[in-house]
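Asks: Provided herewith is a single structure, encoded as structure tokens, for subsequent inquiry.
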């Protein structure tokens, strides 16, 4: 069970990081909208990968690759937005900057590099080793 600690950040630093998180969320939302419109505005035959008889196999492969790449980008953006939302919620709750696993403060430099980080370096490294 995590122990309760105090955030390693000052109020000013927390406000600055909250502003960064909000700006990054706004940028991600714009990218998400743009990708959604370009990926999902295709007609049904393009979405299913069905191509006309006169189209080259390479064209079909390229279209499929581009669609899968866009879907992957959409999923990555969605994941980042969720992480940012969780960080913003933790700021509102007063638990921002504390590790989700051990409850100890997350390193200040780590938070400044990745404001949506939810694990201290030690726990993140342990998580990576398990994978």
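Asks: Filter the range 102-118 down to residues that are outside any helix (DSSP H, G or I), under 19 Å from the mean Cα position of the chain (by Cα) and surrounded by fewer than 17 Cβ atoms within 10 Å (Cβ to Cβ), then give me how many there are.
Replies: Selection size over the range 102-118: 1.
Asks: Tell me whether the range 26-38 contains one or more residues that are assigned to a loop (DSSP other than H, G, I, E, B), surrounded by 12 or more Cβ atoms within 10 Å (Cβ to Cβ), modelled with pLDDT of 80 or more and in contact with a helix residue (DSSP H, G or I) (Cβ under 6 Å, 6 or more places away or on another chain).
Replies: Among the residues of the range 26-38, not one is assigned to a loop (DSSP other than H, G, I, E, B), surrounded by 12 or more Cβ atoms within 10 Å (Cβ to Cβ), modelled with pLDDT of 80 or more and in contact with a helix residue (DSSP H, G or I) (Cβ under 6 Å, 6 or more places away or on another chain), which makes the answer no.
Asks: Ok, one more. Report yes if some residue within the range 89-106 is at pLDDT below 90, within 28 Å of residue 125 (Cβ to Cβ) and touching a strand residue (DSSP E or B) at 6+ places or on another chain (Cβ under 7 Å); otherwise report no.
Replies: For the range 89-106, residues at pLDDT below 90, within 28 Å of residue 125 (Cβ to Cβ) and touching a strand residue (DSSP E or B) at 6+ places or on another chain (Cβ under 7 Å): absent.
Asks: Checking residue 89 against (1) closer than 18 Å to residue 10 by Cβ; (2) part of a helix (DSSP H, G or I); (3) without any contact (Cβ under 8 Å) to a residue 40 or more places away in the chain, only one condition comes out false. Which one?
Replies: Going through (1) closer than 18 Å to residue 10 by Cβ; (2) part of a helix (DSSP H, G or I); (3) without any contact (Cβ under 8 Å) to a residue 40 or more places away in the chain one by one, residue 89 breaks only (1).
Asks: Residues in the range 1-22 that are in a helix (DSSP H, G or I) and either exposed (fewer than 11 other Cβ atoms within 10 Å of the Cβ) or at pLDDT below 85 (or both): how many?
Replies: 2
The values are calculated or read from the model by the stated rules, or taken from the named source; none is laboratory data. As the structure is a computational prediction, the values presented were derived from the model and not from experiment. FYI the Cβ positions are ideal-geometry reconstructions off the backbone, even for glycines, and counts take in every protein chain you see.
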